[in-house]
Amino acid sequence: MLEITTLTHAYAGRTVLALDAWQVAAGEHWLLLGPSGSGKSTLLHIVAGLLRPSGGSVRLAGTDLYALPAGERDRRRGRSVGIVFQRLHLLEALSVLQNLALAQSLAGQPVDRRHLADLLSRLGLSERAAAKPAALSRGEAQRVALARALVNRPQLLLADEPTSSLDDDNADRALDLLTGEAKAVGAALIVATHDARAAARFVRHLTLPKAT
Ligand SMILES: Nc1ncnc2c1ncn2[C@@H]1O[C@H](COP(=O)(O)OP(=O)(O)OP(=O)(O)O)[C@@H](O)[C@H]1O
Ligand SMILES: [Mg+2]
């Protein structure tokens, strides 16, 4: 479902990512490893259709992402990719429920109250639906960001350092939720981390070398 060939990326002439080939099949779970600065976040942004690589191609479900016009690429991301960024980017002026509803609208979907209520309940957030992000604990906010990434039932779920600011218990729960929810919607999952606690839970690892 994801097919990468001869991918490279450079910022201001400095190459930070070079990846010959990588394929992720539907429903596979991958851990993306590598030291700080090795290009994990860069790769996730490229895969999400948010950052045009300097070279190479990214095919998502058979379509060359960067051959699409930008608007079409955005729509495709809205429909088929869910992303949990390291900084969660919840909209502070909106409640938890409104943040999720907005993610549905932005993907061109009608707001489906029942689906949103189900999702909140699965992630243990029903009681917090009306709360603003500033009033959430770190673990709750992380679950809201995950709920938002799942709203449109993505084929591909991406998470950047989902456990970085969590204690062991909450890190475990966050990884349980990510893998469990990816399974529930049948999504392929890519988790970028340098957290050794995550490594044992994934069979498939892609390790990026330290940038030179
Ligand atoms: N917008 C940017 N402009 C210039 N250089 C950048 C930009 N974004 C990232 N870089 C550089 O590219 C390299 C790869 O960064 P990236 O954030 O992808 O690494 P990472 O593996 O995610 O690191 P970390 O584990 O610290 O999150 C780093 O050297 C970083 O400084
Ligand atoms: Mg990063």
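The values are calculated or read from the model by the stated rules, or taken from the named source; none is laboratory data. These numbers were taken from a predicted model, which means no experiment stands behind them. Using ideal geometry, Cβ is built from the backbone for each residue, glycine included, and neighbour counts are taken over all protein chains shown. Side chains are part of the model used for accessible areas, which takes the heavy atoms of the whole protein and leaves out ligands, DNA and RNA. Shrake-Rupley method; radii C 1.70, N 1.55, O 1.52, S 1.80 Å.
Taking every Cα-Cα distance in segment 2-207 and sorting them into 10 Å bins starting at zero, the pair-distance distribution P(r) comes out as 9, 35, 37, 18, 2 percent. Between LEU51 and LYS132, the contour length at 0.36 nm per residue exceeds the alpha carbon distance by 26.2 nm. Counting heavy atoms of the protein chains alone, GLU92 has an accessible area of about 110 Å² for a 1.4 Å probe.
For the residues ASP195, ASP64, ASP167, a 1.4 Å probe over the protein chains yields an accessible-area ranking, largest first, of ASP167, ASP64, ASP195.
Given R₀ = 25 Å, what would the calculated FRET efficiency be for HIS205 paired with ASP168, taking r from the Cβ atoms and rounding to 0.05? The pair HIS205/ASP168 has a calculated efficiency of 0.75. Scanning the chain for trypsin sites (Lys or Arg not before Pro) that sit in a DSSP loop and have at most 16 other Cβ atoms within 10 Å, the longest stretch containing none of them is 88-200.
For the pair ALA25 and LEU102, a Förster radius of 45 Å applied to the C-beta separation gives a FRET efficiency near 0.90, rounded to the nearest 0.05.
Partner lysines whose Cα lies under 19 Å from the Cα of LYS40, excluding those fewer than 8 positions away in the same chain, are identified as LYS210.
In a simple Cβ point-charge model (Lys, Arg +1; Asp, Glu -1; nothing else charged), the chain has a dipole of about 380 debye relative to its Cα centre.
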